Amino acid sequence: VVSTQSTGIQDMKCLRGVHCYNRGFSRYLSTAAAPQSANNPTSANNPTSARNPKPPQQALINTALRDLVARNFPASQLCFAYGSKILHQTNNLPTDDTMTDLIFVPRDSHAWHRENFEQNSQHYSWLMRCIGPENVASFQEVGRAYCVFNPYVEVEGTLLKYGVISEHHLYKDLEKWDTLYVAGRLHKPVMVLQQDPTFRLKYIKHNLRSALHAALVLLPERFNDLQLFCVISRLSYAGDVRMMVGGENPEKVRNIVEPNIPHFRALYSEVITESPFLERTDYGYCQRAKCERNLRQLHKMIPKKLLAVDPENLTPDSRVFRFDRNVDPAHQLYR
C-alpha cells in the first residue's frame, strides 16, 4: 500500500509544528532513542552531556539502522527516523509489531522512486507497481502533504513505514508551514540517518524558531521546560484527526515530553538563547509582557499562513491562531 496523509490545514485551519537541528543536525540526535530521565542531574543540568551522550546501546542502534538504510534504499538529501520506536514515551513501550517510521527527502523524487523501484518494487502496492515510478512521483508531488508512504515493509527483519517528500517541498513546509505534515514531526527530536552536506540547515533552524515563537503566544509570561515543550509538541497534534476522534491517547504529548526533556533542551537550546523574547530564570523562563507592541513583534516571527487576525488589530487578548477547537491556556493544560 502506498498512502498519502494530509493535515488538512487549509480546511481545519489548525496549527501544527516542526523541529530542526542547527549546527550539524545529525550531530545532535545520536541521542533520541535512548532518552534519559528528566530528573537525571547529569542530563538535565549539563547541556553538553544532554547534547552528546554516548550510551553504548544507542550507538549500536543508530549504527544498525543507519547501515540498514544505506544498504537497502537510494541515497537522499536527508533521512530521519521518528516516532515511538525512536523516542521513548511514558506508558507506551514499543513492541516487535511497532513500525519504525522513516522519512526520505530526495532532491529529485522521480529519480529516487525509479531507483527504489529497481531495488524494492515489492514495497509498493500492486496498483502503484502498475502505474510505475514516474506516476508515483507525480502523485506525490500533487498530494496535499506532498508525501507518499509505504507502510508495513519488512527489511532485514525490521518492520518499517517510510515516507518520501522532495527537498523542495520540505523546505517550503519548514519555512512557511505549508502543510506542517513533515515539519510538525521535526518539532520533536528525531534520529538522523542520512544528511547530505548540501542540505540547507537554515530551514530547519527557521522551523524551530517559528515553533518556539508560536508557543510563546499560547504560554503565560512565566513557564518552565515542561510547559514550553508540551506546548511546542502540542502544536503538531492540534489538527491531528486521531486526537479529535479519540484515536490517540489524550496524554500523548505529555508522555512524549516528560521522559525526553534533555533532548528537547538540546534541540531548542540555540533558538531559545537567540530569542529576544525570552529570559531564563530560576523557575524556568520569563517572556516579555504581552502588550500590543510585543505581540506585533511576535507576529513577525510566525508563519503568516497561521495567523487568524489582522496584525494591525492585535491586542493582548487576541486569539492569534486559527484552531479547530478551543485550546485551553498552557498553564491550565500542563500544570
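Top to bottom by accessible area (1.4 Å), largest first, where do TRP126, TRP177 land? Working shown, then result.
Working: TRP126 175, TRP177 0 Å².
Result, largest first: TRP126, TRP177.
How large is the accessible surface of GLU251 in square angstrom, using a 1.4 angstrom probe and rounding to the nearest 10? That residue has around 100 Å² of solvent-accessible surface.
For LYS290, the lysines whose Cα comes closer than 16 Å to its Cα, not counting residues fewer than 8 places off in the same chain, are LYS300. Placing pseudo-labels 7 Å out from each Cα toward the beta carbon at THR198 and ARG296 gives an inter-label distance of 4.3 nm.
Could you order the peptides 88-95, 254-261, 298-305 from most to least packed, using the average number of other C-beta atoms within 10 Å per residue?
My ranking of the peptides, most packed first, is 254-261, 298-305, 88-95.
Proximity of backbone amide H atoms, modeled 1.01 Å from N, is registered between VAL148 and VAL164 at under 5 Å, excluding neighbours fewer than 5 places apart on the same chain.
As a quick test, which of the pairs LYS205/LYS304; LYS161/LYS205; LYS161/LYS188; LYS172/LYS252 have an alpha carbon distance above 21 angstrom in this structure? It would help to have the intermediate numbers written out before the result.
Values: LYS205/LYS304 17 Å; LYS161/LYS205 26 Å; LYS161/LYS188 18 Å; LYS172/LYS252 28 Å.
In this structure, LYS161/LYS205; LYS172/LYS252 lie more than 21 Å apart at Cα.
Here the simple spin-label model places points 7 Å from the Cα toward Cβ, and for GLU154 and TRP126 these points are separated by 2.0 nm.
Could you sort the peptides 178-187, 222-231 by per-residue average Cβ neighbour count (10 Å cutoff), highest mean leading? Show your work: numbers first, answer last.
Details: 178-187: 26.7, 222-231: 21.0.
Output ranking for 178-187, 222-231: 178-187, 222-231.
The values are calculated or read from the model by the stated rules, or taken from the named source; none is laboratory data. For clarity, every value in this text was computed on a predicted model and none was experimentally measured. Every residue, glycine among them, receives a Cβ derived from its backbone with ideal geometry; neighbour counts consider all protein chains shown. With ligands, DNA and RNA removed, areas are computed over all heavy atoms of the protein, side chains included. Shrake-Rupley method; radii C 1.70, N 1.55, O 1.52, S 1.80 Å.
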